[in-house]
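To start, the structure under review is shown below, and the notes come after it.
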Amino acid sequence: MDIARIADAAKAENIVLLDVRGLSTITDFFVIFTGTSQTHLRAIGKRLDEELSKKGFEAERVDGRHSTNWIVFDYGNVIAHAMIEETRRFYDLERLWGDAPIINWQSNENQM
C-alpha cells in the first residue's frame, strides 16, 4: 500500500490498513495512522500529495488540512485518515469498522 508506506516514511505511527469492501459503499480501503502533532499531520499530508502525484494520483478531496486534529485524504477507492493520538482514541475507527479485515500493508503483495 503506497499510502501506508509513504506515511511510514514520514514517521506516522500505528499505521492500520482496513479492507472495507462489502462494508462500505464509499471506498474499498481505509488507511489510518497517527501523527504526533497538527504540524506533523500536515507534513505527512504534503508528503502524500507529492509522492502520489508523481505516480499520477491526486486526492479527490482533502478535509481538515489547515487546522484540525484529523485530516481525511479521499483517493476514491482508498481513504486515508491522519489523526493525532487523542482524536484517534476518541473516534476509534478500528473498533467502529471492527468487521473489516486488517491487511498487512508491509507485504510486497499490496501495491496501491
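A short reminder: the numbers here are calculations on the coordinates, not readings from a lab. From a predicted model like this one, the values you see are computed outputs, not experimental measurements. All Cβ positions, glycine included, derive from the backbone under ideal geometry; neighbour counts span all protein chains shown.
Taking a ≥ b ≥ c as the square roots of the Cα gyration tensor eigenvalues, the range 1-52 comes out prolate, since a/c reaches at least 1.5 and a/b is larger than b/c. Taking Cβ atoms as reference points and 13 Å as the exclusive limit, the residues near ARG89 contribute a net charge of -3, counting Lys and Arg as +1 and Asp and Glu as -1. Beta bridges from DSSP with both residues in the range 2-103: antiparallel share about 65 percent, rounded to the nearest 5.
For the chain, relative contact order (Cα pairs under 8 Å, six or more residues apart, normalised by length) works out to 33 percent.
The ranking of SER107, SER24, SER67 from fewest to most other beta carbons within 10 Å of each one's beta carbon is SER67, SER107, SER24. Net length available on complete extension from ARG65 to GLU13 is 16.9 nm, with 0.36 nm assigned per residue and the Cα-Cα distance removed. The fewest-to-most ranking of HIS81, HIS40, HIS66 by surrounding Cβ atoms within 10 Å reads HIS66, HIS40, HIS81.
Can you bin the range 36-79 into rounded, prolate or oblate? Criterion: square roots of the alpha carbon gyration tensor eigenvalues sorted a ≥ b ≥ c, rounded for a/c under 1.5, prolate for a/b above b/c, oblate for the rest. Judged from the Cα gyration tensor, the range 36-79 comes out oblate (a/c at least 1.5, b/c at or above a/b). Taking R0 as 22 Å, what's the FRET efficiency between GLN106 and GLU86 from their Cβ-Cβ distance, rounded to 0.05? My answer for the efficiency is 0.25.
Centre-to-centre, using Cα atoms only, the range 54-105 and the range 13-34 are separated by 7 Å.
Projecting label points 7 angstrom from Cα along Cα→Cβ for THR27 and LYS54 puts them 2.3 nm apart. Would you mind classifying the chain by shape? Square roots of the alpha carbon gyration tensor eigenvalues, ordered a ≥ b ≥ c; an a/c under 1.5 is rounded, otherwise it is prolate if a/b is larger than b/c and oblate if not. Since a/c stays below 1.5, the shape of the chain is classed as rounded.
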